[in-house]
Amino acid sequence: MTAIRPRVRACGRWALLLDLDSADEVAATAAAVREADLPDVVELVPAARTVLVAVRPGGDLAAVRSAVDRVDPASAATAGGTLHTIPVVYDGEDLALVADTAGLSTGEVVDLHSGSEYTVDFCGFAPGFGYLSGLPEPLRQPRLESSRSAVPAGSVGVADVYSCVYPRRSPGGWRLIGRTDLVMFDPAADPPARLSPGDRVRFEPR
């Protein structure tokens, strides 16, 4: 495989912003930084097409550059985040829409969605909201034309190349296929968010 070469930009005095071309490259680059276990790194923030790496004041940015120089694409596959199993009742408001768009039965949608393992590429939009890559191709569908004003906490959705679990009641335009009773975000917990970038997720039908 061809090595990944992130485009590196300075972000203040003590951070680097790494620009990449795909979610897979983001995952591999973030994994490479984690595996390097650099003592000066204080924050690692993957996003859709970037990775922000911050070091303590006076920290060694050269070591970060060295860790991400020609990243091995296989490093994402070998990353060992926590595996979460999330029980899901597949009765979402958009389950029939997703099935119809994919040309599948609702049962086949459930089998596809629950039969895959997902990776938390990054978190955003709301505290504890993880963007989960690994969605099977037939389920990669656009967001709703009009967002809902309130999506219940625990709703499981799909949009574009991602799946998600809404951690709190919030507006949202993802296609909803199910729900879970697991608490995904608890400000009193340590850590507050159940999912972190690099973790893995499997959905279990109930």
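The values are calculated or read from the model by the stated rules, or taken from the named source; none is laboratory data. Keep in mind it's a predicted model, so treat the numbers as computed, not measured. In this analysis, Cβ positions are derived from the backbone assuming ideal geometry, glycine residues included, and neighbour counts consider all displayed protein chains. For accessibility, only protein heavy atoms count, side chains too; no ligands or nucleic acids. Shrake-Rupley method; radii C 1.70, N 1.55, O 1.52, S 1.80 Å.
A few notes on this one:
- Report note on the peptides 89-100, 109-120, 25-36: ranked by the mean count of other C-beta atoms within 10 Å, highest first, their order is 25-36, 109-120, 89-100.
- The charge dipole of segment 94-206, taken about its Cα centre with unit charges on the Cβ of Lys, Arg, Asp and Glu (plus for the first two, minus for the last two), comes to roughly 300 debye.
- Around SER66: net Lys/Arg minus Asp/Glu count, Cβ-Cβ under 14 Å: -3
- Using Cβ point charges alone (K and R +1, D and E -1), the dipole size of the chain about the Cα centre works out to roughly 540 debye.
- Per residue value of the accessible surface for the chain (all protein chains in place, 1.4 Å probe), Å²: 50 Å²
- Kirkwood Rh (inverse of mean 1/r, distinct Cα pairs), the chain, angstrom: 17.9 Å
- For segment 150-206, the Cα gyration tensor yields ellipsoid semi-axes of 18, 14, 12 Å (square root of five times each eigenvalue, largest first, whole Å).
- Rounded to the nearest Hz, the phi-derived 3J(HN,Hα) couplings of segment 94-103 under the Karplus curve 6.51 cos²θ - 1.76 cosθ + 1.60 (θ = phi - 60°) are 10, 4, 5, 5, 4, 4, 5, 5, 7, x, where x marks glycine and proline.
- Sequence-distant contacts, meaning Cα pairs under 8 Å at least 6 residues apart, place the relative contact order of the chain at 22 percent.
- Here the label points at ASP19 and LEU97, each 7 Å from Cα along the C-beta direction, are separated by 3.5 nm in the simple model.
- Projected label distance in nm at LEU83 and ARG5, using a 7 Å step from Cα toward the beta-carbon: 3.7 nm
- Loop trypsin sites (Lys or Arg not before Pro), segment 159-200 (other Cβ atoms within 10 Å of the site Cβ: 13 or fewer; DSSP): ARG169
- For the pair SER147 and ASP186, a Förster radius of 25 Å applied to the C-beta separation gives a FRET efficiency near 0.50, rounded to the nearest 0.05.
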